[in-house]
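The values are calculated or read from the model by the stated rules, or taken from the named source; none is laboratory data. Values in this document were obtained by computation on a predicted structure and should not be read as measured data. Because the Cβ atoms are built from the backbone with ideal geometry, glycine has one as well, and the counts that use them run over all protein chains shown. Note: accessible area is taken over every heavy atom of the protein model, side chains too, but ligands, DNA and RNA are not part of it. Shrake-Rupley method; radii C 1.70, N 1.55, O 1.52, S 1.80 Å.
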Amino acid sequence: MNQSISRRSLLTVLGAVGGASAVYEAAGALGMVTPVLPPQSLMLQPANPNKNTVAILGAGISGLMVAYELERAGYQCVILEASHRAGGRNLTLRHNDLVDELGHRRRCQFSPDSKMYFNAGPARIPGHHQRVLHYCKAFQIPLQIRANSSRLAYVHDEVSSNSKKSRKVRIGEYIADARGLLSELAWKSADRVSLDEPFTEEELESLSGFIRMYGDLTEKGNYQGSDRAGSTKDRMLFHSAPKAPLSTQDLLSSHFWHYQLHATEIYDWGAPLMEIVGGMDGLVKAFMKRIHSPIILNAMVQDIRLRENGTDIVYQDQNKQSTLKVDYCFNSIPAHLITGLRNNFPRDYRQALGTLKRGHLFKIGLEMKERFWEREGIYGGITYTSSDVGQLWYPSHDIHSQKGVMLGAYVWGEEKCAKFERLSPQARLQRAKECGNAIHDNYAQYIEAGESVPWARMNHMMGCGSQMSPEDRKRYFDRIQQPEGHHFLIGDQVSYHSGWQEGAMASAEHALLSFDRQFGRREHS
Amino acid sequence: MNGRRILANCLIVVVSTLLSFSVAALDRDLLVCSVCHGADLQGNKNTEAPNIAVLPSWYIRQQLHSYQREWRGAKVKDKSGQEMRTIALSLTDEHIQNIVEKIAHLNDAMNKKTLYEKTIHKEISHKETSHKEAIDEEVKSLATNIKSFNEMPTDLLSQGKKLYQQCSACHGSDGLGREVVKAPPLVHQPMWYLKKQLNNYQAGIRGYHEQDSSGQQMTSIAQGIRSQDDIDAVVTFIKTL
């Protein structure tokens, strides 16, 4: 590599030519990708026996992790949970489970079959979420690969600009044609663009080779379709015969082109991902098995009083009001609900809490009486659609069994979620059927039961993936990350990764380590 | 769970002996309201929930019925109204009667407690926000040019006073509302809420139904307020009542 061209500028060139994946590949080769840290154990100092009581507000992932770690260090914890169950947004729905949506309280209609479950919250774990994986490993929770992408799943556009008709194309076909188009453009411009001198002849040849291979171009730099997208004839018995490429207009008019095509390039969504065997709530169950502290369910916190040497928590359990007087408090209540509680927080702390806004996320799980997608060659992965349901996820576990639960909608953002949030559960299913029918033949007829979970409407949560504007983040994030007296705010809301369990655990870890530094018993003190 | 409970008892102390200044226990039927409207039902800006603890029974009943009848919360643009409408639709008349009675009861209890609170004010943490500070926070939350309540330009307040004259015909010069003309109290509502509702009336997403006579009346009044500055002026003035 010549001295005068920086690695960064090379990446810019590659990015223009090859898209994000080319950049990632090259960055890896140049040794610039962040290393994945090995899982760590938190080694907290033993508790001071005279000052060791802790209230943990919320039994979601961050609260459970804090309880587990503090208990091991000798603290006496009490966990208050407002809802009827532990786990927070780590929710796996099965037969007859309570779906506690405000205004639409109901029971899950899935059949009583242990394989019929739906991960309504977290559903996938990448290999670099080291904190989540640390606990999975320590608790011996079985994991399996979850196929997050399948080239045989579809890209579906409700209306393509040319035909005014909906269009469904296999993802592999789309990717091959999109890369072909980009590579052709890059090939053609390579002649005209005089790259800076620092590239040697050899290097330019190497770059051309990359472009050709990236798009599967002919020797002359043309794209004429690729058998990467399959063949119109049986590839085992005949020479493969690629389909004609999609037209440039078709490619450009798709919603997939500029957004979802790149979804699996996102660091958290890069293959392979994992899931917990039997449902993601395996993590919650494993924590619950190991935590001995009392977990009081249906306990709604009403008042948080900071004292000089501790915290008082007033909560209500049915008609009974009680107070916890503790030395320390770890609070994972969503900040947008904390602002409705009584408290004596200092003004700037309260202001900082007020900048965390509700996020919206919506999912529908569908129990299908047949795994019809497997007949289309789809074993896991995601179909992307421009219609209201956004994505269809196919299960990659229990392949070839009779039935399966697939995700019939995955939507986030206030506007898109509102289309479902305002509907009754039945009307949401109806909408999911209409959208699905446009993608798979007889889709609606396979549905035996369906459950929708609008997180912004779920009791005691009222949101998922909390939002903070960039300005507020700059100004207030440090404030909420730091404790206020003996009160520590935790949860995915106190991370740069809200909506992920790893964010929740990172925040819990950060709080525990700063707690330990500040209040841990020093050996010689 | 038994072992867990026993440990819990070591740490839990009954509230009445310890935190008498804190919020009263809520009736079971009101707990669901408190998720969004806050532990003492006095509102939460982050869930866009107004203060319902201070609302008179007739108004709560009227509004819940409005939600049920598509007079309120049925427009796509009224997002928080839609959220409330979902809840209202899940309530029976019996529920509503229950809620109305319990809030009225809570209201009485709160008035007594406020008096009590004043007498023990010095025992409450020094970090309690004063009333003035609270108004100041509200003023800032309107995102206007006004920097603080104390530095409020006098012409703005006098403009607010002028505009309030037509409001006072129904809501009263004290802003406490009048049942006879179906006008709710305004003084206890946060400014962001008053502003939002005026905007909703103007945008035709509240008070739009022809049978909702008090809503329709309010719509025509709101449409008479010409600018956002005027809205800020009048809601700020309401805080001085």
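Quick look at the values:
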item	result
Residue that is least open to solvent (accessible area, probe 1.4 Å), among those in the stretch A:247-272 that are within 15 Å of the chain's Cα centre (by Cα) and aliphatic (A, V, I, L, M)	A:Ala263
Meets criteria (at pLDDT below 95 and surrounded by 16 or more Cβ atoms within 10 Å (Cβ to Cβ)) for A:Ala47	yes
Selection within the stretch A:252-283 - of a type outside the set (Gly, Ala, Ser) and touching a helix residue (DSSP H, G or I) at 6+ places or on another chain (Cβ under 7 Å)	A:Phe256, A:Trp257, A:Leu261, A:His262, A:Glu265, A:Trp269, A:Ile276, A:Leu283
Answer residue from the stretch A:417-448, given it is closer than 18 Å to A:Ser111 by Cα and either away from every other protein chain (no Cβ under 14 Å) or among the small types (Gly, Ala, Ser) (or both) and is farthest from the chain's Cα centre (by Cα) among those	A:Gln445
Members of the stretch A:213-238 that are buried (at least 19 other Cβ atoms within 10 Å of the Cβ) and on the phi < 0 side of the Ramachandran plot	A:Tyr214, A:Gly215, A:Leu217, A:Tyr223, A:Ser226, A:Ala229
Residue check for A:Ala432: in the same structural domain as A:Ile364 (by TED's automatic domain parsing) and surrounded by 16 or more Cβ atoms within 10 Å (Cβ to Cβ)	yes
Boolean, B:Ile231 is assigned to a helix (DSSP H, G or I), surrounded by 15 or more Cβ atoms within 10 Å (Cβ to Cβ) and β-branched (Val, Ile, Thr)	yes
Options A:Val159, A:Val193; residue that is open to solvent by 60 Å² or more (accessible area, probe 1.4 Å), of a type in the set (Val, Ile, Thr), under 30 Å from A:Arg422 (Cβ atoms) and modelled with pLDDT under 95	A:Val159
Among residues of the stretch A:73-105, those that are among the aliphatic types (A, V, I, L, M) and part of a loop (DSSP other than H, G, I, E, B), counted	5
Residue match in the stretch A:268-283 (condition: part of a helix (DSSP H, G or I), out of contact with any Phe, Trp or Tyr (no Cβ under 7 Å at 6 or more places or on another chain) and under 18 Å from A:Tyr174 (Cβ atoms))	yes
When residues of the stretch B:87-109 are limited to those that are part of a helix (DSSP H, G or I) and over 19 Å from the mean Cα position of the chain (by Cα), the one nearest to the other protein chains (Cβ to nearest Cβ)	B:Leu89
Yes/no for A:Glu414 being within 14 Å of chain B (Cβ to nearest Cβ), buried (at least 22 other Cβ atoms within 10 Å of the Cβ) and touching a helix residue (DSSP H, G or I) at 6+ places or on another chain (Cβ under 8 Å)	no
Residue in the stretch A:162-179 that is modelled with the lowest pLDDT, counting only those that are more than 26 Å from the chain's Cα centre (by Cα) and surrounded by fewer than 18 Cβ atoms within 10 Å (Cβ to Cβ)	A:Asn162
Residues of the stretch A:272-304 satisfying the condition of being among the charged types (D, E, K, R) and within 7 Å of chain B (Cβ to nearest Cβ)	A:Asp303
Extreme residue, nearest to A:Ala120 (Cα to Cα), among residues of the stretch A:475-525 that are of a type in the set (Lys, Arg) and outside any helix (DSSP H, G or I)	A:Arg521
Close pairs (8 angstrom Cβ cut-off, 6 or more residues apart or separate chains): facing another protein chain (nearest Cβ under 8 Å) in the stretch B:38-54, of a type in the set (Asp, Glu) anywhere	B:Ala39/A:Asp303
Per-region count, the stretch B:169-211, residues under 10 Å from B:Ile238 (Cα atoms) and in a helix (DSSP H, G or I)	2
The stretch A:273-308, residues that are open to solvent by 30 Å² or more (accessible area, probe 1.4 Å) and in contact with a strand residue (DSSP E or B) (Cβ under 8 Å, 6 or more places away or on another chain)	A:Met274, A:Val277, A:Met288, A:Asn298
Pair list, Cβ < 6 Å and 6+ apart or interchain, from the stretch A:478-505 residues that are aliphatic (A, V, I, L, M) to residues that are open to solvent by 20 Å² or more (accessible area, probe 1.4 Å) and part of a helix (DSSP H, G or I)	A:Val494/A:Gln481; A:Met505/A:Arg131
Residue list for the stretch B:82-102, filter: surrounded by fewer than 19 Cβ atoms within 10 Å (Cβ to Cβ), under 17 Å from B:Ala53 (Cβ atoms) and β-branched (Val, Ile, Thr)	B:Ile96, B:Val100
Test: residue in the stretch A:106-116 that is touching a residue at least 12 places away in the same chain (Cβ under 8 Å), assigned to a helix (DSSP H, G or I) and not hydrophobic (A, V, I, L, M, F, W, C)	no
Residue in the stretch A:424-435 that is without any contact (Cβ under 8 Å) to a residue 12 or more places away in the chain and outside any helix (DSSP H, G or I) present	no
Where A:Cys77 falls short, out of the listed (1) within 14 Å of chain B (Cβ to nearest Cβ); (2) under 30 Å from A:Gly310 (Cβ atoms); (3) open to solvent by 20 Å² or more (accessible area, probe 1.4 Å)	(3)
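Here's the yes/no breakdown for (1) out of contact with any Leu (no Cβ under 6 Å at 6 or more places or on another chain); (2) of a type in the set (Lys, Arg); (3) farther than 26 Å from A:Ser111 by Cβ:
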position	(1), (2), (3)
A:Arg350	yes, yes, yes
A:Arg358	yes, yes, yes
A:Phe362	yes, no, no
A:Arg375	yes, yes, no
A:Thr383	no, no, no
A:Trp393	no, no, no
A:Ser396	yes, no, no
A:Lys403	yes, yes, no
A:Met406	no, no, no
